[in-house]
Amino acid sequence: MRAAVLSNFGVPLQLAELPVPEPGPGELLIQVRACGVCHSDLHLAEGDWDLLKRITKMPLVLGHEITGVVAAMGPDTDGFSLGDRVGVPWLHWTCGKCEYCVSGRETLCGEQAITGVTVDGGYAEYVKAKASHVARVPDNLSLEEAAPLFCAGLTVYKALKSSGIRAGETLAVFGIGGLGHLAVQIAVAQGVRVAAIDIAPAKLELAKECGATWLIDPAKEQPRKALRSVGGAHVAMVCSGAKSAYETAFPCVRKGGTLVVVGMPADPIPVSAVTLVAGELRIIASAVGTRADLAELLELASRGGIRCRYETQPLANAADALDRMKRGEITGRVVLTPDRE
Ligand code: 8ID
Ligand code: ZN
C-alpha cells in the first residue's frame, strides 16, 4: 500500500510502499477514505513534544483523524461487516481496567496506544484499528467531513464540556484553525456567546460564518480590551500551538473564570501566580475525548449541529499540507484521501 512515512523527526514525509497490515484478534483492517491533517501531526513530525517523542514509533505513519470502510476483520470482531463505515480516533486502545478507564477517564489510561504515534495511523491506504475503539460514522455524514471530528471535533467538544461553560456566558476561542472553528460552532449551538481571536483575517472570516459574535485580530486590538465591556471571558480556550496565544488569552479571563489548555506549544506557557490568585482563576487542560464523548459528538454532528470546513488533498500532498499548516495557510482542515490520486 502507499503511505506517507515519517522516517525521523524534522525530516519531510516521503511516499513509500508498505505491506498492507494484517488484522489480529479484535482488530479491523480499514481502507482509509479520509484522514484529517491535525496540527498535532506537525508537532509530532517536528519532535516538538518530549513526552511523546519518547514513545513515538519510528518510522511512523502519522494521522489520527481517520474514516474509512472495513476491508477485513480479524477474529473476535463480532458486529462488524465488510464495508461498514467507521472512524478511528487518537485513542487507539485503552486497557479498560485501570482506575482511569473504570471511572470514565480513559484519556488518562497509562497503557494507552495512540493512533499515528505509538502505532501507524491514517496517512496510508489502509490502517489497522481495534474494533473496541472505532466508532461508526452516521449515514448522513460523508467520510470526508466526518474525519476531522475524530480528533479536532472530539477534543473541543470534551474541552468545552470540562470547562463547565453555560448558555449566555462568554467564551473566547484563541486560534480558529481545525479545532477552533469547530469549537465556535459547538459553543454557539449551546447558546454561548463567542469571541474569536486569530492572527489571520481568513480565519476570522471563518469564525464569523461559524457564528462568532466578536472577531478580534490581536495585532490590531488587544483581546483583553475588546472584551472589557462584557467583563472578560468566563472561559478562554486556547486552540493554538502558539505560545503567544496563551500570553493574550490569560488576561482575557474574567475573575473566577477558567483558562482551558488545549493547544500545545513546545515551550512552557507563562502564567502569573498573582493574576491567578487575585482573580481566583482556574486553569484546566483537556486531552482528546473518551468513546462516550465521541458518540455524543457524532450524534450532534448527525443532527446538523456542526459542519467542518475542509478541502481534500491526495496522499501525495501530505508533506505539502504540513508545510502549509506551518505557514498558517490552511483555513479549516485538509483531509487526505488516500483512495484517490
Ligand atoms: O487533546 C488535545 N489537547 C489536542 C488535540 C488536538 C490538537 C490538542 N491539539 C493541539 C495541536 O497540537 C495544536 O497545538 O491544538 C493546537 C491546534 O491544533 P489545530 O486546530 O489542528 O491547528 P491549526 O488548524 O493549525 O490552527 C491553529 C490556529 O492558531 C492560529 C492560526 O492562525 C490557526 O488558525 N494562531 C497562531 I499560529 N498564533 C495565534 C495567536 N497568537 C493564533 N491564534 C490566536 N493568537
Ligand atoms: Zn489531532
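General remarks:
- Elements of type strands (runs of 3 or more DSSP E) contained in segment 15-107, each with 2 or more residues being among the β-branched types (Val, Ile, Thr), buried (at least 16 other Cβ atoms within 10 Å of the Cβ) and within 21 Å of the chain's Cα centre (by Cα): 27-36, 66-73, 85-88
- The residues on offer are GLY256, GLY211, and the sole one that is on the phi > 0 side of the Ramachandran plot and assigned to a strand (DSSP E or B) is GLY256.
- Filter result (farther than 26 Å from ALA34 by Cα, of a type in the set (A, V, I, L, M) and touching a strand residue (DSSP E or B) at 6+ places or on another chain (Cβ under 7 Å)) within segment 145-169: ILE165
- Test result for SER272, modelled with pLDDT under 95, among the polar types (S, T, N, Q), more than 9 Å from ligand 1 (Cβ to nearest atom) and farther than 30 Å from ARG2 by Cα: yes
- A single member of ILE30, ILE55 is β-branched (Val, Ile, Thr) and away from ligand 1 (no atom under 16 Å from the Cβ), and it is ILE30.
- Within segment 161-185, considering residues that are within 16 Å of ligand 2 (Cβ to nearest atom) and either modelled with pLDDT under 95 or in a helix (DSSP H, G or I) (or both), the one surrounded by the most Cβ atoms within 10 Å (Cβ to Cβ): ALA183
- Residue count, segment 1-14 (criterion: polar (S, T, N, Q) and assigned to a strand (DSSP E or B)): 1
- Against the list (1) more than 16 Å from ligand 1 (Cβ to nearest atom); (2) crowded, with 16+ Cβ neighbours inside 10 Å; (3) not assigned by TED's automatic domain parsing to the domain that holds GLU65, the condition VAL261 fails is (1).
- Checking each residue in segment 285-341 for being farther than 22 Å from ALA200 by Cβ, in a loop (DSSP other than H, G, I, E, B) and basic (Lys, Arg) picks out ARG303, ARG340.
- Scanning segment 43-72 for residues that are out of contact with any Leu (no Cβ under 6 Å at 6 or more places or on another chain) and under 19 Å from PRO265 (Cβ atoms) returns HIS43, LEU44, GLU46, GLY47, ASP48, TRP49, ASP50, LEU51, LEU52, LYS53, ARG54, THR56.
- Residues satisfying the stated conditions in segment 135-156, i.e. more than 13 Å from ligand 2 (Cβ to nearest atom) and crowded, with 19+ Cβ neighbours inside 10 Å: ALA135, VAL137, LEU141, LEU143, GLU144, GLU145, ALA146
- Qualifying residue in segment 237-248 (condition: within 13 Å of ligand 1 (Cβ to nearest atom), more than 21 Å from the chain's Cα centre (by Cα) and surrounded by 18 or more Cβ atoms within 10 Å (Cβ to Cβ)): yes
- Which listed residue, of THR290, THR275, is touching a residue at least 24 places away in the same chain (Cβ under 8 Å), surrounded by 13 or more Cβ atoms within 10 Å (Cβ to Cβ) and of a type in the set (S, T, N, Q): THR290
The values are calculated or read from the model by the stated rules, or taken from the named source; none is laboratory data. Quick caveat, the model's predicted, so the values are computed rather than measured. Backbone-built Cβ (ideal geometry, glycine too); neighbour counts: all protein chains shown.
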